[in-house]
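Please treat every number below as a calculation from the coordinates, not as lab data. None of the values given here were measured: they were computed from a predicted structure. Virtual Cβ from ideal backbone geometry, glycine too; neighbours counted across all protein chains shown.
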């Protein structure tokens with residue numbers, strides 16, 4: 001006598017948050033391409049001491065203004081040629097990636113920490129504290145970013161550290177206003193009211209209950225903020241107010257070679273392309289983060 005065996009199929013478990021995020025992120029092919037380029041640039045920056053064929057500050061006598069390998073008159077020792085004083089362009093670009101990424105990440109980290117603190121304080125205390133914080137941020141935003149950065153550098157002096165300080169001040173209002181707006185929206189929700197009734201202390205309420213729900217737009221802003229900081233620092237370096245020679249910073253490299261724009265255009269083209277590629281890749285990645293983290297923008 002045959003017996004029928006019922007086969008019970010269980011529904012598949014829903015994907016975890018990371019897997020769900022990655023599935024949404026990879027739908028944007030340009031964002032995936034941007035992520036790949038960013039990872040490549042980070043690896044080049046981290047491995048610059050290993051990958052760079054020469055010391056970025058070493059000057060080779062008799063090897064000035066050499067063209068890259070695909071042009072006549074090139075030297076096989078210098079794949080991308082040399083600058084006006086005989087320094088290897090490829091090595092300087094690799095080490096320049098370290099400095100530019102360091103500036104971008106430093107500005108983003110400090111701006112985020114200070115912005116979260118001030119934004120949460122403005123949202124929680126409101127009143128005169130909120131007015132003071134927001135008016136200061138409005139004052140900073142009222143001045144064009146590059147002009148304000150130049151004013152700050154003029155007061156504290158040009159250097160790599162001062163560049164980070166100046167650019168951090170310039171972009172701080174973005175984080176403060178974003179955190180404040182997100183926190184004010186969250187403070188009106190029922191779960192915050194329930195936490196208050198349960199006796200949760202203000203610091204713990206803002207740090208562990210409100211802040212995690214404000215992270216999605218903050219992550220997107222931080223990614224885009226890195227590219228903005230790199231671009232701003234390159235502008236200051238080009239004006240001679242950022243990293244000082246002979247530091248291999250991309251903006252300073254552009255400033256050092258502007259006199260060779262017509263006679264030896266490749267010397268100026270390479271750092272410019274490095275800035276363009278890095279900023280574009282980070283922006284593409286940021287767009288993908290925005291689409292993946294904002295439910296209203298997810299594709300059906």
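Once both labels are positioned 7 Å from their Cα atoms along Cα-to-Cβ, the gap between residue 79 and residue 39 label points is 2.0 nm. Helical content of the chain, expressed as a calculated mean residue ellipticity at 222 nm, amounts to -21500 deg cm²/dmol (DSSP H runs of 4 or more residues, -39,500 (n - 2.57) each, divided by residue number, nearest 500). The ranking of 124, 250, 22 by Cβ neighbour count inside 10 Å, starting from the fewest, reads 22, 124, 250. Modelled spin-label separation between residue 142 and residue 57, with each label point placed 7 Å from Cα along the Cα-to-Cβ direction: 4.4 nm. Here region 112-180 was treated as a single set of alpha-carbon atoms; its pair distances binned every 5 Å from 0 give 3, 19, 25, 21, 17, 10, 5, 1 percent. Remark: relative contact order (region 148-300) = 25 percent; criterion is Cα-Cα distance under 8 angstrom and separation of 6 or more residues. Any idea what log10 I(q)/I(0) is at q = 0.24 Å⁻¹ for region 43-87, Debye with uniform C-alpha scatterers and no solvent? Ignoring solvent entirely, the Cα scatterers give -0.84.
Once the Cβ-Cβ distance of residue 201 and residue 181 is raised to the sixth power relative to R0 = 30 Å, the FRET efficiency obtained is 0.80. Note on 249, 58, 27: ascending count of other Cβ atoms within 10 Å places them as 58, 27, 249, the fewest first. Over the chain, Cα pairs under 8 Å with separation of 6+ residues give a relative contact order of 25 percent. Contact order, relative form, for region 80-232: 33 percent (alpha carbon pairs under 8 Å, 6 or more residues apart, mean separation divided by residue count). The convex hull built on the alpha-carbon positions of the chain has an orientation-averaged projected area of 26.3 nm². Across the alpha-carbon atoms of region 211-300, the computed radius of gyration and Dmax are 17.2, 55 angstrom.
Per residue Cα convex hull volume for region 12-135, in cubic angstrom? Let's see the in-between values first.
Numbers: hull volume 27.2 nm³, N = 124.
Normalising the Cα hull of region 12-135 by residue number yields 220 Å³.
Calculated translational diffusion coefficient of region 146-300 (25 °C, 0.890 mPa s; Stokes-Einstein with Kirkwood radius over alpha-carbon pairs) equals 135 µm²/s. Over region 167-229, the fraction of Cα-Cα pairs per 10 Å bin, rounded to whole percents and listed from the shortest bin up, is 20, 46, 24, 10, 1. Note on 131, 179, 192: ascending count of other Cβ atoms within 10 Å places them as 131, 192, 179, the fewest first.
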